[in-house]
Amino acid sequence: MNGRADTGLLIVAHGSTVNPDSSAPTLAHAAEIRRRKVFADVESAFWKEEPSLRDAKLLFDPELIQEVYEVPNFISEG
């Protein structure tokens, strides 16, 4: 791994209740970062989809992840 073994990344995106494919770019982005092993864990959370922002801290194992960087990923015109 290139990064710290106890650090996670949370990618925060809007999501959509109308278009279920709107999360695909964010999920693909997370998968690529995960593949590169920069962080011990990489997850995504959405305002309008699951997993929701309110549950985001439950996505990381507290025994393994001590610090989480949260990064917004808003890709549409708005």
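The values are calculated or read from the model by the stated rules, or taken from the named source; none is laboratory data. Keep in mind that what you see is a predicted model, and the values were worked out from it rather than measured. For neighbour counting, all protein chains shown are included, and Cβ atoms are generated from backbone atoms with ideal geometry for every residue, glycine included. SASA here: full protein model, heavy atoms, side chains in, ligands and nucleic acids out. Shrake-Rupley method; radii C 1.70, N 1.55, O 1.52, S 1.80 Å.
Here is how the numbers come out for the structure above:
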| item | result |
| --- | --- |
| Of all residues in the range 18-40 being part of a loop (DSSP other than H, G, I, E, B) and among the β-branched types (Val, Ile, Thr), the one that is farthest from the chain's Cα centre (by Cα) | 18 |
| Residue match in the range 1-8 (condition: within 14 Å of the chain's Cα centre (by Cα) and without any contact (Cβ under 8 Å) to a residue 60 or more places away in the chain) | no |
| Qualifying residue in the range 41-49 (condition: in a loop (DSSP other than H, G, I, E, B) and either without any contact (Cβ under 8 Å) to a residue 24 or more places away in the chain or of a type in the set (Asp, Glu) (or both)) | yes |
| Those residues of the range 5-22 which are under 10 Å from residue 46 (Cβ atoms) and touching a strand residue (DSSP E or B) at 6+ places or on another chain (Cβ under 6 Å), in sequence order | 11, 12, 13, 15 |
| Residue identified as in a strand (DSSP E or B) and either surrounded by 13 or more Cβ atoms within 10 Å (Cβ to Cβ) or of a type in the set (Phe, Trp, Tyr) (or both) among 15, 8 | 8 |
| Test: residue in the range 25-40 that is open to solvent by 60 Å² or more (accessible area, probe 1.4 Å), free of Cβ contacts under 8 Å to residues at least 12 places away in the same chain and in contact with a strand residue (DSSP E or B) (Cβ under 8 Å, 6 or more places away or on another chain) | yes |
| Residue satisfying all of: in the range 44-78; aromatic (Phe, Trp, Tyr) and open to solvent by less than 100 Å² (accessible area, probe 1.4 Å); farthest from residue 5 (Cα to Cα) among these | 46 |
